[in-house]
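All remarks here apply to the structure that follows.
Read the figures in this text as sums done on the coordinates, not as results from a lab. What you are looking at is a predicted structure, and each value in this text was computed from that prediction instead of being measured. Reconstructed Cβ throughout: ideal geometry from the backbone, glycine too, with neighbour counts over all protein chains shown.
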Amino acid sequence: MDYEAVIGLETHVQLKTRSKMWCGCANEFGAPPNTNVCPVCLGLPGVLPVANEEALRLTVLTGMLLNCDIPRHAKFDRKNYFYPDVPKNYQITQYDKPSTQSGHVDFEFEGKIVRVHITRAHLEEDVGKNFHFESNSGVDFNRAGVPLMEIVSEPDITSADMAYTYLNALKDILIFGGVSACDMEKGMVRCDVNVSVRPKGQQELGAKIEIKNMNTFSGVRRAVDHEIPRQIDVLKAGGKLTQETRRWDDTAGITEVMRTKEYAHDYRYFPEPDLMPFEPSDDWIADVRKRVVELPLARKQRFMTMYNLPAPDADTFVNDRPLADYFEKAVRSASNAKAVANWVINNLRAKLTESGTSLESVKIQPPQIQELITLVDSGKISTKIAQDVFTEMFENGQSPASIVEQKGLAQVSDTGAIEQFCDEVIAANPKSAADFKAGKAAALNFLKGQVMKASKGKANPNLVGKILERKLKLA
Amino acid sequence: MLNQLTISELRTRLTKRAASSRELVQACLDQIKRVDPKVHAFLSVDEQDALAQAEIADRAIAAGLPQPLLGIPIAVKDVLAVKGHSLQCGSKILDKFVSPYDATVIARLRKAGAIVFGRLNMDEFAMGSSTENSAFGHTRNPWDLERVPGGSSGGSSAAVAADECIASLGSDTGGSIRQPAALCGVVGVKPTYGRVSRYGLVAFASSLDQIGPFAKDVRDAAILTRVIAGHDSLDSTSIPEPVPDYAIQLTGDIKGLRLGLPKEYFIGGMDKEVAAAVQTAVKHLESLGAVTQEISLPHTDYAVATYYIIATAEASANLARFDGIRYGMRVEGADPNELYMKTRGAGFGAEVKRRIILGTYVLSSGYYDAYYLRAQKVRTLIRADFLKAFEQVDAIVTPTSPTPAFKAGEKSDDPLQMYLSDIFTISCNLAGISGISVPCGFTSSPKLPIGLQLLGKPFGEGTLFRIAHAYEQSTNWHKERPEWTTKPS
């Protein structure tokens, strides 16, 4: 019997806010232990939470980026469980009335565009971090109360690679939207993976097995790659799978049981009485909507259709937003967008890397790229000369026309002048001329090169070719 | 003696320099030394700190500063955070905990010039109606030391009744200000939910808790309420409603005000003398020009059950933070779970454990809908009862407590009987409305105070003060003091 995997992901993302979720402490990674803390985030007796509005905005913004509905009534709830890193022994989260729900994310996977539905993206608070020493343990509460968003996907994912690609697409969206820095090294993105398997064609889902606390995307891919065959093997051997929570041992490359269903937590959710329901107004939502940006995939598709760019160029622009913005300022019509893209990607980017300058301080004004291309297209300068002109432009920001003017780089299309160069070259290279006549076509290129050299690169190469050919055939 | 006077009387004397704040604070400290070994209202008093504050206040008085509470010593229930002072909520589990911050009400008292002093005894985490659930000994009723002062703010009511302070703050989740005020013969106010910031009040049941004052008369209660009320950005449930000057509303004129008598509150089972005193008070209010009418609050019967589901559910989460990890008592264990169990097992008293277990149960998977969700629905009905009644009347009149102060130990083995002593006060918290208890008489033998409860609309404190003040000023009940506490030593 053939089996298929059904995978859903719960992705936790720290939001990019200046302060924590319920207090004014800095939302900052790497401070000495327990220095970004106050009575509120330490859960001291008598304190109350006050919601960080920017975190609410970023959550709703995420909902918009993930095509979610934005309910006009959301609320916070308490999720009760005891753990030393949870200062209040409950976590404030959104249980049955999240800030966003019912969306989807589209991304490229194996050459196609696929869709994963989003159940919800809701707002909660991060917890502290436990540290274990030789004879005791400690908790750092700097992270406690950092705004954390949980993005829950529908079980639309079918493989480890797809899970991996989904996570990267999600990460790109969140970074694009300015929602989170998504710095994996700093633990800003963590996920729980729900994996089940079922015989192909069966509607009913298999037992849901959750792998908790994954903090790298490659770890997720490896864990799922391990977990799917493990579950299938259990079933094939006649075994039965039951709902459980597992942990991923990255070193051993295996998952192992953390707790089975009977030890599952009863979180005893109930509405957080210290916070009012969140009921955003039309104006508030409209203000958030202004922050919606074009997403990576949409951007890629737009670059491909609007500018007729090939996929690799579009990808370059999706991944390098400033460069893409520069390109869009430089390009004037779709007809020669590819030429502009070439200059921007091949020349400008190379020069930036080479000189270690940033795009903000670049001296070439975007329209000057177009001017340069026009000079080439009109035959005013050769492509080769254009490279030199570009270098000049990059160094001093002068317009290409004035560089060509000053340095006398204009292409020579005066046939009289070219004829003279050709005559001289043919006279000086009788062997090559004889070779051409004997049928060696390559000899023409050599002679052409000599003419270009004699003209210091300014002769119009097309004309040189034509004139040389005519003269050699006549002679 | 200065400690027997009211805020308004004292403010006059202080501004005229007829007395100093230092003398006043000293008078309170002397009274505490004299009577508190018997009453045990205070868990601790930092005398030096109080006197130092008094000296600062005296300098401010000399400079002519006009704050409404300048130089007045106000004592606080052990549930309110005062920076640098012990905060134990009457519990062993907060062993040696010192608050690093001031509650908003404390900051407001200070801004108004008050001298904030003393930690007043209470039922552990405000759970109880007799102050017998304190981990640090019972508080006694100054009117009869064999009897309880009520609770949970029993220390706050007893201290005012015994003139150990000029006024005090307490908290009221189901009657914890009004019931002890009634049992000790002082004025107690439960403001509208959202009227007073809860920041710095250790939560028992967050959706029911409110901080309020205990005072020797209605005017003082009005002055104090004005000081502590108002929106606070640190409490998301505090409401940005302007705070009126309640004292100027105390005109003594209540002609034409409509008072509702809920028929569900005047039924059998009440102490006869309490019933009679309340009836007399109603007649008295009528004689002052108020118009009374019978009203109905049909869901009254469900109030106690509803309350004990919602309050315990919230408490089960609110008290989860007392776990021995970060502060307070810790009993070591082999792993965190064992540490939690040992710490909480040793740190909490029986009533607190009972309520945590009950609250945990009603929120459990499979029971939530039957208990918590249903209780929330009933709560909505109870609030609707009151809002409907307030379409017809300006305030509601009831007894505060069905009985006068009972004997220590009398109900402590029967939680249900104890719960029923809050039967008239609980609905006010569920509905989120305002309430006040004023003295309205005494039982004959022994002589024990009886309280009259007035319930008002949301943000109807002004009307309650006006009615209570008019009543009080035409009676002498509020002037009575337990005789032994007034004799000079």
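Starting from 0.36 nm per residue, how many nanometres of slack lie between residue A:415 and residue A:131 once their C-alpha separation is accounted for? Don't skip to the end; give the middle numbers.
Numbers: separation 284, 0.36 × 284 = 102.24 nm, distance 8.19 nm.
Additional length available on full extension: 94.1 nm.
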>> Can you report the principal axis dimensions of segment A:316-357 using only the alpha carbons, biggest first, rounded to whole angstrom?
In response: 31, 17, 15
> Between segment B:181-196 and segment A:419-435, what's the alpha-carbon centroid distance in Å?
Replying inline: 113 Å
> Can you list the residues, at least 5 places off or on another chain, whose amide H is less than 5 Å from the amide H of residue B:408, using H built in the peptide plane?
Replying inline: B:147, B:148
>> Using the Kirkwood formula on the Cα atoms of segment A:3-289, what hydrodynamic radius do you get, in angstrom to one decimal?
In response: 19.9 Å
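If you average the sequence gap of Cα pairs under 8 Å that are 6 or more apart and divide by the length of chain A, what percent do you get for the contact order? All intermediate terms of the calculation are to be shown ahead of the outcome.
Values: 841 pairs, mean separation 63.9, N = 475.
Rounded, it is 13 percent for chain A.
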> How high is the relative contact order of chain B, in percent, with contacts defined as C-alpha pairs under 8 Å that are six or more residues apart?
Replying inline: 18 percent
> Of A:47, B:82, A:318, how do they rank once you tally other Cβ atoms within 10 Å and put the fewest first?
Replying inline: A:318, B:82, A:47
> When Rg is the radius of gyration of the Cα atoms in segment A:415-474 and Rh is its Kirkwood radius, what does Rg/Rh come to?
Replying inline: 0.92
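Sort A:120-127, B:58-65 for me by packing, meaning the mean count of neighbouring Cβ atoms within 10 Å per residue, highest on top.
Numbers: A:120-127: 24.1, B:58-65: 13.1.
Most protected by this proxy first, the peptides run A:120-127, B:58-65.
Across peptide B:323-333, what mean number of C-beta atoms from other chains lies inside 10 Å of a residue's C-beta?
3
Order B:350-363, A:133-146 from most to least packed using the mean count of other Cβ atoms within 10 Å. Each step should come with its number before you reach the end.
Working: B:350-363: 19.6, A:133-146: 17.4.
Most protected by this proxy first, the peptides run B:350-363, A:133-146.
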> For residue A:278, which sequence-distant residues (separation of 5 or more, or a different chain) have an amide H within less than 5 Å of its own amide H, given hydrogens modelled in the peptide plane?
Replying inline: A:74, A:75, A:76
> If chain B were replaced by its equivalent ellipsoid, with semi-axes equal to the square roots of 5 times the Cα gyration tensor eigenvalues, what would those be, largest first, whole Å?
Replying inline: 31, 29, 21
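Using just the alpha carbons, could you tell me how many Å³ per residue the convex hull of segment A:296-407 encloses? Could you put the intermediate results ahead of the total?
Working: hull volume 10.4 nm³, N = 112.
Spelled out: Cα convex hull of segment A:296-407, divided by residues, is 93 Å³.
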> Roughly speaking, what is the centre-to-centre gap between segment A:302-378 and segment B:441-460 when only Cα atoms are used, to the nearest Å?
Replying inline: 83 Å
> So what's the angle, to the nearest 10 degrees on a 0 to 90 scale, between helix A:160-176 and the longest Cα principal axis of chain A?
Replying inline: 80 degrees
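Which order do the peptides B:133-143, A:71-81, A:296-306 take when ranked by the mean count of other beta-carbon atoms within 10 Å per residue, highest first?
On the way: B:133-143: 24.6, A:71-81: 19.2, A:296-306: 17.2.
Output ranking for B:133-143, A:71-81, A:296-306: B:133-143, A:71-81, A:296-306.
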> For the pair residue A:442 and residue A:406, what calculated FRET efficiency results from E = 1/(1 + (r/R0)^6), where r is the Cβ-Cβ distance and R0 = 35 Å, to the nearest 0.05?
Replying inline: 0.45
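Take a quick pass over segment B:248-373 and tell me how many lysine pairs come in under 25 angstrom between Cα atoms, counting only ones 8 or more apart or on separate chains. Working shown, then result.
Working: B:255/B:263; B:255/B:283; B:263/B:272; B:263/B:283; B:272/B:283; B:342/B:353.
So the count works out to 6.
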> Assuming a viscosity of 1.306 mPa s and a temperature of 10 °C, what translational diffusion coefficient in µm² per second does Stokes-Einstein assign to segment B:41-154, Rh being the Kirkwood radius over Cα pairs?
Replying inline: 107 µm²/s
>> One quarter of the convex hull surface, Cα atoms only: what value does that give for segment B:294-375 in nm²?
In response: 7.2 nm²
> For helix A:415-428, what angle does its Cα long axis make with the longest principal axis of chain A, in degrees from 0 to 90 and rounded to 10?
Replying inline: 80 degrees
> Taking H as built 1.01 Å from N, whose amide H comes closer than 5 Å to the amide H of residue A:100, not counting residues under 5 places away?
Replying inline: A:121
> From the backbone phi of segment A:371-382, what are the Karplus-calculated ³J(HN,Hα) couplings (6.51 cos²θ - 1.76 cosθ + 1.60, θ = phi - 60°) in whole Hz, Gly and Pro given as x?
Replying inline: 4, 4, 4, 4, 4, 5, 4, 7, x, 5, 9, 7
>> For peptide A:262-275, what's the mean number of Cβ atoms from other chains within 10 Å of each residue's Cβ?
In response: 5
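Once whole DSSP H runs in chain B are found, which of them have Cα atoms spread over 18 Å or more along the helix axis and a mean Kyte-Doolittle score of at least 0.0?
Values: long enough: B:21-39 (26 Å, -0.41); B:47-62 (22 Å, -0.12); B:272-287 (22 Å, 0.04); B:303-318 (22 Å, 0.76); B:350-363 (20 Å, 0.57); B:374-389 (23 Å, -0.28).
In chain B, the long hydrophobic H runs are B:272-287, B:303-318, B:350-363.
Net charge within 10 Å of residue B:31 by Cβ-Cβ distance, Lys/Arg positive one each and Asp/Glu negative one each, not counting residue B:31 itself?
Details: positive: B:33, B:34; negative: B:30, B:36, B:163, B:164.
Residues close to residue B:31 contribute a combined charge of -2.
At R0 = 56 Å, how high is the FRET efficiency between residue B:369 and residue A:29 if r is their beta carbon distance? Nearest 0.05 is fine.
Efficiency, from the Cβ-Cβ distance: 0.85.
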> When the Karplus curve 6.51 cos²θ - 1.76 cosθ + 1.60 is applied with θ = phi - 60°, which whole-Hz ³J(HN,Hα) does each residue of segment A:64-79 get, with x for Gly and Pro?
Replying inline: 5, 5, 9, 6, 8, 6, 10, x, 7, 9, 10, 8, 9, 9, 9, 10
> Taking the simple approach of a point 7 Å from Cα along Cα-to-Cβ for both residue B:111 and residue A:429, what is their distance in nm?
Replying inline: 9.2 nm
> Taking the alpha-carbon centroid of each part, what is the distance from segment B:124-172 to segment B:4-71 in angstrom?
Replying inline: 21 Å
> Radius of gyration and Dmax for the protein assembly as shown's Cα atoms, expressed in Å?
Replying inline: 39.6, 144
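Give me the Kirkwood hydrodynamic radius of segment B:118-260 in Å, from all C-alpha pairs, to one decimal place?
Working: mean 1/r = 0.0646 Å⁻¹.
Taking every pair of different Cα atoms in segment B:118-260, averaging 1/r and inverting gives 15.5 Å.
Express in nm, to one decimal, how much length is gained between residue B:486 and residue B:95 on full extension, taking 0.36 nm for each residue of separation and deducting their alpha carbon distance. Let's see the in-between values first.
Numbers: separation 391, 0.36 × 391 = 140.76 nm, distance 3.47 nm.
Length difference between fully extended and current span is 137.3 nm.
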>> I need two numbers for segment B:3-79: Rg to one decimal and Dmax as a whole number, Cα atoms only, in Å.
In response: 12.8, 39
> Want the number for residue A:282 to residue A:395: 0.36 nm per residue separation, take away the alpha-carbon distance, what's left?
Replying inline: 35.6 nm
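Cα-Cα over 21 Å: which of A:79/A:129; A:20/B:111; B:388/B:457?
Details: A:79/A:129 18 Å; A:20/B:111 29 Å; B:388/B:457 10 Å.
As for pairs spanning more than 21 Å Cα to Cα, those are A:20/B:111.
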> Shielding of A:79-87 by partners, i.e. mean partner chain Cβ atoms within 10 Å per residue?
Replying inline: 4
